[in-house]
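One structure is given here, and the rest of the page talks about it.
Since every read-out is calculated from the coordinates, none of them should be taken as a lab result. Predicted, not measured: the structure shown is a model, and the values here were computed from it. Please note: Cβ atoms are built from the backbone with ideal geometry, for glycine as well, and neighbour counts cover all protein chains shown.
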Amino acid sequence: MSTKEGLFYSEDHEWVKKEGKIVVIGISDHAQSELGDVVFAELPEVDEEFDQFDNIGVLESVKAVSDIFTPLSGKIIEINEELLNAPEKINESPFDEGWLIKLEMSDESELDTLMDSEQYKAFIEGE
């Protein structure tokens, strides 16, 4: 199981990469491993607005169906369209090609509620 330095993590196993007021969000390597082979991704619509921890979509794998939660409040500015036809990218490259959405944050202070990579490693080891 790998984590990536410089990212933020939620207890729901999403990662967040900050790029100014925009964040890129995906699911962690741990989450994709637990899910197994992802066969379907349902993502939100561009311009939809969500509050922190709202359900924004669904990932379906050979093992389970899992909700996706947004770790931050904001407006969806882009979705990873490639996942609609190639959801396996989530398993193959969860931190790069398998990203889910880009979000314009409405409250940057919410980043303080998330974990860094070391805290997240400790969190998943304690599960």
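Pairs please, first residue from the range 19-43 and crowded, with 19+ Cβ neighbours inside 10 Å, second anywhere and outside any strand (DSSP E or B) and of a type in the set (V, I, T), Cβ atoms under 6 Å, 6+ apart in sequence or on different chains.
Within 6 Å, the pairs are H30/I124; Q32/I90; V38/I90.
Collect the residues in the range 69-117 that are without any contact (Cβ under 8 Å) to a residue 24 or more places away in the chain and either farther than 15 Å from L43 by Cβ or part of a loop (DSSP other than H, G, I, E, B) (or both), keeping them in residue-number order.
E81, A86, E92, S93, D96, E97, S109, D112
I'm checking my understanding of the structure. Among residues of the range 96-127 that are small (G, A, S) and under 18 Å from T3 (Cα atoms), which one is surrounded by the most Cβ atoms within 10 Å (Cβ to Cβ)?
G98
Which one of these is under 23 Å from E110 (Cα atoms), touching a residue at least 12 places away in the same chain (Cβ under 8 Å) and loosely packed, with under 13 Cβ neighbours inside 10 Å: D12, D51? Reasoning before the result, please.
Numbers: D12 fails: loosely packed, with under 13 Cβ neighbours inside 10 Å.
After applying the criteria, what remains is D51.
Identify all residues within the range 20-52 that are over 19 Å from E82 (Cβ atoms), out of contact with any strand residue (DSSP E or B) (no Cβ under 6 Å at 6 or more places or on another chain) and of a type outside the set (G, A, S); write none if there are none.
H30, E34, D47, D51, Q52, listed by residue number.
Which ones in the range 10-31 are in contact with a helix residue (DSSP H, G or I) (Cβ under 9 Å, 6 or more places away or on another chain) and either among the acidic types (D, E) or part of a loop (DSSP other than H, G, I, E, B) (or both)?
Those that are in contact with a helix residue (DSSP H, G or I) (Cβ under 9 Å, 6 or more places away or on another chain) and either among the acidic types (D, E) or part of a loop (DSSP other than H, G, I, E, B) (or both): S10, E11, D12, H13, E14, K21, S28.
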